[in-house]
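Undergrad: Dropping the structure in here first, questions after.
The values are calculated or read from the model by the stated rules, or taken from the named source; none is laboratory data. Bear in mind that the values here come from a model prediction, so they are computed numbers and not experimental data. Heads up, the Cβs are rebuilt from the backbone with ideal geometry, glycines too, and the neighbour counts pull from every protein chain shown. Heavy atoms of the whole protein, side chains included, go into the accessibility calculation; ligands, DNA and RNA do not. Shrake-Rupley method; radii C 1.70, N 1.55, O 1.52, S 1.80 Å.
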Amino acid sequence: MCGIIGFVGRKEAAPILLDGLARMEYRGYDSAGIALRSETKGIQVRKSKGRLQTLSELTHGGADLEGVLGIGHTRWATHGEPNDANAHPHVSENGKIALVHNGIIENYLEIKEQLMKYGVTFSSDTDSEVVAQLLEYHYKECGNMMEAVGRCLRRIEGAYAFGIICADYPNALIAARKDSPLILGFSPEGNFIASDVTAILQHTRDVVYMNDGEIAVLTADSIDVFDDEMNPLEKTHSFVEWDVAAAEKGGYPHFMFKEILEQPEAIRKTISPRIRDGRVVLDDIHISAEEARNINHIYIIACGSAYHAGVVAKYIWERILRRPVEVTLASEFRYSQPLVDEHTLVIAISQSGETLDTMAALREAKRLGGRTLAVCNVVGSSIAREAHDVLYTWAGPEIAVATSKGYSTQLVAMDLVGLYLADLLGTIEPEEYSAVLTEMQKLPEKMQTYLENFEDTQYFASRYFNHDSVFFIGRNLDYAMGLEGSLKLKEISYIHSEAYASGELKHGTISLIEPGTLVIALGSYGPLFDKAMSNVVEVRARGAEVLAITTDAFREKMAKTADSVISVPDTHPLLQPTLSIVPLQLFAYYVALQRGCDIDKPRNLAKSVTVE
Ligand code: G6P
């Protein structure tokens, strides 16, 4: 969703801002803009609806706007339609203050009405412009920009990350944060604010994460951070492990394709530092055996694909932990008066660590006294910092909106946590513990084996891409994985698709099967393979065309009933989804390619959903 960048330094800011915005394009947006402060022209703004390319052409790559101080924004419309006027930056009426904003100001209408009574004229429908005008009001009142920011922040309610510049302050970029991510970056050429580290990675990996309620003032040479009462704060610098190449396409046609192929390495990085001498060692998790024994209920909260990773984990954890595990959509959890107390462990899974619903659900769980653990990919993200413990997935930056390596590393991270807890609790047989762990270490290599030869997946995509409705069926872990396979297909190819637990077919869905309907039958979970076969027979009898996903061991048997078969190497049944999901990701990718879809930036979707 919306992206913020700001720069103050010794170089022309406009090209730096445009480049930073381009690197955040993947987050999803529908308009973009930049504002620069120059000695001679004061504040200058250029913004436009649509792709960044338009903004770049409008400003001749930034050459039209001079100044070493500026802010930029990509907007994903919430208040007001996506058009030029509603695009950020917003400028106050006298043209002196420009602001970019991520988040939502809840009391903006009330403030707007009041300002209108004072004669302020508004030029957009946004909640963000109200803040720019309120700043001008307070600045006129007190004559000091920092004081004006303080007064303004005390007046507004809601979530925000702000980047602010003022014509009267030639060398000051002001930032403020509450419930919306914002980081500060230090570099010899100048200093940065950004909502997403990928926007500034090419300039610096030396960053400071802002906390809620903090205000920062950046100049070319310094960054000062204050609390909400303007007391100076000492902040710790962090070094970003990601490198700039990891966030670039590097010759691949799409980020999604690159990220699918990166999975063996991402999984290796996620698991190998955490398995030592045949045991799972999670240095970052501080749950003692006694605390673990005290847990009688586990919730997994997440959204989208992360939720699907949670569904897979539920099947595995209940088996190895012998405790009830409930997977709940974060957006539902937060309003459901969940039964959380000090005996509840709540796991929040989030690639970005910024999904608003997951964040709100996590806060609710904490408020109710639950013990919380985050599984996140982005170091320093809000969810990672707010949970009691965090286990990072080491997938590296994920740029394609449709997750692939983010999801598969969540699967293995949850396997690790599950095994760790099972070991603490003594609820898993030592033989099974060792068997899973041994197989887990072989996952990268086995996944690579499949990835070296996936022509058949590509071929089946070209054979089936014309279908307009697809059903994924499977049982147990195959069903859990099917949820994700189906989501992948629908989000990037726009084909209607649904995943069903095979046992439910007869309770309704089977009425939708008619000659030619494409059914993707998932039969990779060994213990229930024969039942998967029966379901294939059942849907074929109704005329369905069946593409089956199975393992190498079952391939021959499956080929006797299904029309087409894709197989992946065998592993421990509990780990099979991590391998079997890969052909489903590639199938979705190639189907979308055949259909000419915008694979990395599917319509209406955003990488990180920071609004409700
Ligand atoms: C969006 C993304 C999905 C992701 C979901 C949850 O919908 O497009 O790929 O699974 O958000 O995101 P999170 O960052 O919390 O994992």
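Undergrad: Quick check: Cα centre of the stretch 230-308 to Cα centre of the stretch 170-212, how many Å?
TA: When both Cα centres are located, 22 Å separates them.
Undergrad: Can you list the residues of the stretch 150-185 with backbone N under 18 Å from a point 7 Å past the Cα of GLU141, pointing along Cα to Cβ?
TA: 150-158
Undergrad: For ARG177, ARG155, ARG10, write out the residues from largest to smallest accessible area, computed with a 1.4 angstrom probe and no ligands counted.
TA: Largest to smallest exposure gives the sequence ARG10, ARG155, ARG177.
Undergrad: Express in Å², to the nearest 10, the accessible area of PHE465 obtained by rolling a 1.4 Å probe over the protein heavy atoms while all chains stay in place.
TA: Rounded to the nearest 10, the figure is 50 Å².
Undergrad: On to the next question. With a point put 7 Å past each Cα toward its Cβ, work out how far ASN296 is from ASP228 in nm, to one decimal.
TA: 3.7
Undergrad: Using the heavy atoms of the protein chains and a 1.4 angstrom probe, tell me the accessible area per residue for the chain in square angstrom.
TA: Ligands and nucleic acids excluded, the figure is 37 Å² per residue.
Undergrad: Rank these by accessible area, largest first, 1.4 Å probe: LYS488, LYS560, LYS366.
TA: Descending accessible area places them as LYS560, LYS366, LYS488.
Undergrad: Still on this structure, I have one more. Given the protein chains as shown and a 1.4 Å probe, how many square angstrom of TRP242 are accessible, to the nearest 10?
TA: Here the residue's solvent-accessible area equals roughly 30 Å².
Undergrad: Restricting everything to alpha-carbon atoms, can you work out Rg to Rh for the chain with a Kirkwood hydrodynamic radius?
TA: Result: Rg/Rh = 1.00.
Undergrad: Using a Förster distance of 30 angstrom, determine the FRET efficiency expected from the C-beta separation of LEU605 and SER238, and round it to 0.05.
TA: Calculated transfer efficiency: 0.55.
Undergrad: Hey, another quick one. Taking the full set of protein chains and a 1.4 angstrom probe, give the accessible area of LYS258 in square angstrom, rounded to the nearest 10.
TA: Near enough 20 Å² of accessible area.
Undergrad: Separate question: Would you work out the Kirkwood radius for the stretch 462-573? I mean one over the mean of 1/r across all pairs of different Cα atoms, in Å.
TA: 13.7
Undergrad: Next up: Which value, in debye to the nearest 20, describes the size of the charge dipole of the chain about its Cα centre when Lys and Arg Cβ atoms bear +1, Asp and Glu Cβ atoms bear -1, and nothing else is charged?
TA: 760
Undergrad: Within the accessible area of the chain, what % is carbon and sulfur when the probe is 1.4 Å and the other protein chains stay in place?
TA: 49
Undergrad: At 0.36 nm per residue, and after removing the present C-alpha to C-alpha distance, how many nm does the segment from LYS531 to ALA63 gain when stretched out fully?
TA: 162.0 nm
Undergrad: For ALA395, enumerate residues with amide H under 5 Å from its amide H, sequence gap 5+ or separate chain, H modeled in the peptide plane.
TA: none
Undergrad: Next question, about the same structure. If I model a spin label as a point 7 Å beyond the Cα along the Cα-Cβ vector, how far apart are those points for ASP206 and ARG367 in nm?
TA: Roughly 4.0 nm, to one decimal.
Undergrad: Would you calculate the separation in nanometres between label points at THR78 and GLU342, each defined as 7 Å from the Cα along the Cα-to-beta-carbon direction?
TA: If labels sit at THR78 and GLU342, their model points lie 3.6 nm apart.
Undergrad: At 222 nm, what helix-only mean residue ellipticity would the chain give, in deg cm²/dmol to the nearest 500, using -39500 (n - 2.57) for each DSSP H run of four or more?
TA: -11000 deg cm²/dmol
Undergrad: Something else about it: Could you estimate the translational diffusion coefficient of the stretch 546-612 from the Stokes-Einstein equation, with Rh from the Kirkwood formula over C-alpha pairs, at 4 °C and 1.567 mPa s, in whole µm²/s?
TA: D, rounded to a whole number, is 91 µm²/s.
Undergrad: Restrict the search to the stretch 529-612; then list the chymotrypsin sites (Phe, Trp or Tyr not before Pro) that DSSP places in a loop and that have at most 10 other Cβ atoms within 10 Å of their Cβ.
TA: Nothing satisfies the criteria.
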